[in-house]
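Single-structure report; data block below.
The values are calculated or read from the model by the stated rules, or taken from the named source; none is laboratory data. Keep in mind that what you see is a predicted model, and the values were worked out from it rather than measured. Backbone-built Cβ (ideal geometry, glycine too); neighbour counts: all protein chains shown.
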Amino acid sequence: MLRASVLRLLGRPGASGGAWLLEYSGPRHYSSGPLGARDDAGGARAFFTTPIFYVNAAPHIGHLYSALLADALCRHRRLRVPGAAATRFSTGTDEHGLKIQQAAAAAGLAPTELCDRVSAQFQQLFREAGISSTDFIRTTEARHRIAVQHFWGLLEARGLLYKGIYEGWYCASEECFLPEAKVTRQPSSSGGSCPVSLESGHPVSWTKEENYIFRLSQFREPLQRWLRGDPQAVTPEPFHRAVLQWLEEELPDLSVSRKSSHLHWGIPVPGDDSQTIYVWLDALVNYLTVIGYPNAEFKSWWPTTSHIIGKDILKFHAIYWPALLLGAGMSPPHRIYVHSHWTVCGQKMSKSLGNVVDPRTCLDRYTVDGFRYFLLRQGVPNWDCDYYDEKVVKLLDSELADALGGLLNRCTAQRINPSGTYPVFCTACFPSEAGLVGPSVRAQAEDYALVNAVATLPRQVAEHYENFQIYKALEAVSSCVRQTNGFVQRHAPWKLSWESPVDAPWLGTVLHVALECLRVFGTLLQPVTPSLADKLLSRLGVSATERGLGELCFLPRFYGHPCPFEGRKLGPETGLLFPRLDQSRVWLVKAHRT
Ligand code: MSP
């Protein structure tokens with residue numbers, strides 16, 4: 001049973017914005033594992049979110065990566081906890097703010113036209129890439145305006161907003177104020193110099209305005225308590241540490257509106273049309289809008305929320321957002337999963353450098369499953385990763401075409417498995433106790449190591465998902481695929497004969513074990529390569545209701561239980577699991593030459 005988090009108000013604000021003593025006292029969530037939480041109704045629910053994407057430019061592979069990470073987490077959870085009602089997953093587009101206002105003006109478009117156009121591109125990309133979101137939000141929707149204005153009203157009613165002069169450098173590209181120390185000068189085309197953000201190199205401008213200001217400074221200690229009390233709140237750990245480090249310093253109050261004369265493309269402050277709500281406040285509230293806020297239904301979903309975000313927006317999600325939530329009387333998000341960035345041939349991806357990688361071209365070239373596998377297998381949350389085409393081809397050819405596809409082929413080919421069935425496992429050939437000797441025993445020590453590795457694989461994979469290390473989950477699967485190929489190679493079933501009464505039981509056993517391993521790999525790969533896994537499992541004759549993690553009981557015959565697949569007809573042959581890329585791709589040669 002979930003207990004509401006407690007926000008204790010120990011004082012009232014003074015006229016000068018004096019101290020509210022906010023104390024957030026946990027525990028916050030009663031988790032059914034890091035990928036889910038128990039809701040008020042006692043059912044296991046989980047809500048995953050991607051960031052909402054700016055519509056100033058077309059999507060690139062970094063955006064797709066953010067969405068894929070969330071998609072894989074979500075799909076893995078659905079395998080553990082089936083039922084459409086248990087998991088929600090939202091994504092969308094961030095359409096307001098100066099950045100979009102300026103991009104639309106530069107393109108000679110009305111902001112709505114630009115938003116419609118680019119939002120449709122994101123929607124199409126995500127559809128094509130198999131992003132299994134249950135909601136796509138656009139911040140220009142009416143439901144969102146209602147949510148943002150309601151949220152604003154709560155902050156105001158709680159005395160957390162005041163009017164004041166806000167002055168500082170503003171970076172429209174990042175939509176944030178920057179302190180003097182984060183600004184430098186760069187030579188400009190006109191011969192002079194212009195101020196830019198030290199970290200991103202984007203231009204900044206000096207802004208001085210009367211705005212509404214949020215009493216962020218009061219939340220430093222509550223935020224520290226939250227993070228110290230929940231070491232996994234921000235995962236992986238280095239990012240958690242980074243946030244605590246930021247909180248060592250004073251937390252200045254935050255300007256949360258702009259003058260409408262300067263920024264008209266946004267949601268007006270309720271009751272004061274001369275001000276527009278700051279785009280980050282507007283954007284962050286999307287996570288509430290999609291679960292029905294301000295209607296009460298949001299309450300049963302909010303405590304189960306996991307945000308997937310890139311490292312560049314960590315401060316907004318791990319400081320501003322939890323502070324705003326605490327201010328509005330809610331708990332911070334359940335988890336914030338943070339990933340690093342993709343660079344291209346060692347350089348940051350940017351329109352001006354002309355090195356932006358178009359994800360739709362990649363999906364065409366490498367197939368949807370191939371490219372999903374590449375990004376999730378090579379993307380390491382803790383560090384930036386470098387993209388280049390040859391790397392994709394090499395990885396997919398070796399792991400999907402050769403290792404996994406080859407293994408399937410070896411066990412199902414007509415030549416080796418003429419009856420096209422899941423053969424019988426012979427316990428005398430492969431007794432459950434290692435080290436037995438006898439005339440019929442054929443299994444060797446390495447074979448027991450393989451069985452052990454594959455038996456523990458689902459748990460290992462689940463742990464990697466929980467720690468947001470999806471690449472490690474895929475590494476573990478890949479290592480077991482290699483081990484299984486070694487097993488097949490070692491026993492060379494192509495040298496054994498179905499006609500021989502001595503060979504036949506062992507031949508069947510070798511194929512049975514290898515097919516069982518493949519069944520586990522296919523099941524575990526579903527969150528990352530859904531179509532390829534479907535093709536693999538269908539070829540093995542595994543029905544749609546036998547693909548959940550709950551049903552995944554590896555090699556039951558070895559453990560003395562019946563196996564529902566034994567003797568079953570394999571599914572139809574539908575061609576290579578994953579055709580090799582290197583010979584067939586002329587564009588690669590071209591890309592190499594240019
Ligand atoms: N609109 C804000 C987010 C608001 S969420 C309430 C935003 N949008 S974004 O389009 O710039 O970025 C969206 C996501 O894409 C972020 O998680 C960001 O880290 C990610 N990526 C942008 N470039 C990236 C790479 N080069 N590599 C990996 N991910 C990157 O920020």
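Brief remarks follow.
- Residue check for residue 165: in contact with a strand residue (DSSP E or B) (Cβ under 9 Å, 6 or more places away or on another chain), part of a loop (DSSP other than H, G, I, E, B) and among the β-branched types (Val, Ile, Thr): no
- Hits in the stretch 102-139 - residues which are crowded, with 21+ Cβ neighbours inside 10 Å and of a type in the set (S, T, N, Q): 119, 133, 139
- Evaluated against (1) part of a helix (DSSP H, G or I); (2) in the same structural domain as residue 70 (by the TED database); (3) more than 19 Å from the chain's Cα centre (by Cα), residue 331 falls short on exactly one condition, (1).
- Of the residues contained in the stretch 371-390, one or more are found to be in a helix (DSSP H, G or I), without any contact (Cβ under 8 Å) to a residue 60 or more places away in the chain and in contact with a Leu (Cβ under 9 Å, 6 or more places away or on another chain).
- Of all residues making up the stretch 168-203, the number that are of a type in the set (A, V, I, L, M, F, W, C), in a loop (DSSP other than H, G, I, E, B) and within 16 Å of the ligand (Cβ to nearest atom): 1
- Close contacts from the stretch 410-427, counting a first residue that is within 12 Å of residue 507 (Cβ to Cβ) and a second that is part of a loop (DSSP other than H, G, I, E, B) and among the hydrophobic types (A, V, I, L, M, F, W, C), with Cβ to Cβ under 8 Å and a gap of 6+ residues or different chains, come to 417/570; 418/498; 425/555; 425/563.
- Condition check for residue 503: under 28 Å from residue 79 (Cα atoms), surrounded by fewer than 20 Cβ atoms within 10 Å (Cβ to Cβ) and of a type outside the set (Val, Ile, Thr): no
- Filter result (buried (at least 18 other Cβ atoms within 10 Å of the Cβ) and more than 18 Å from residue 251 (Cβ to Cβ)) within the stretch 174-194: 174, 175
- Criterion applied to 389, 358 was being within 24 Å of the chain's Cα centre (by Cα), within 16 Å of the ligand (Cβ to nearest atom) and of a type in the set (Asp, Glu), and the one residue passing it is 358.
- Count - residues of the stretch 372-424 that are surrounded by fewer than 17 Cβ atoms within 10 Å (Cβ to Cβ), farther than 19 Å from residue 361 by Cα and among the acidic types (Asp, Glu): 2
- Sub-8 Å Cβ pairs linking a first residue in the stretch 340-362 that is on the phi < 0 side of the Ramachandran plot to a second residue that is among the hydroxyl-bearing types (Ser, Thr, Tyr), at least 6 apart or interchain, are 342/65; 342/387; 343/387; 344/387; 344/388; 349/343; 356/350; 357/387, ordered by first then second residue.
- Listing of strands (runs of 3 or more DSSP E) fully contained in the stretch 229-324 that carry 1 or more residues being within 15 Å of the ligand (Cβ to nearest atom): 272-277, 305-310
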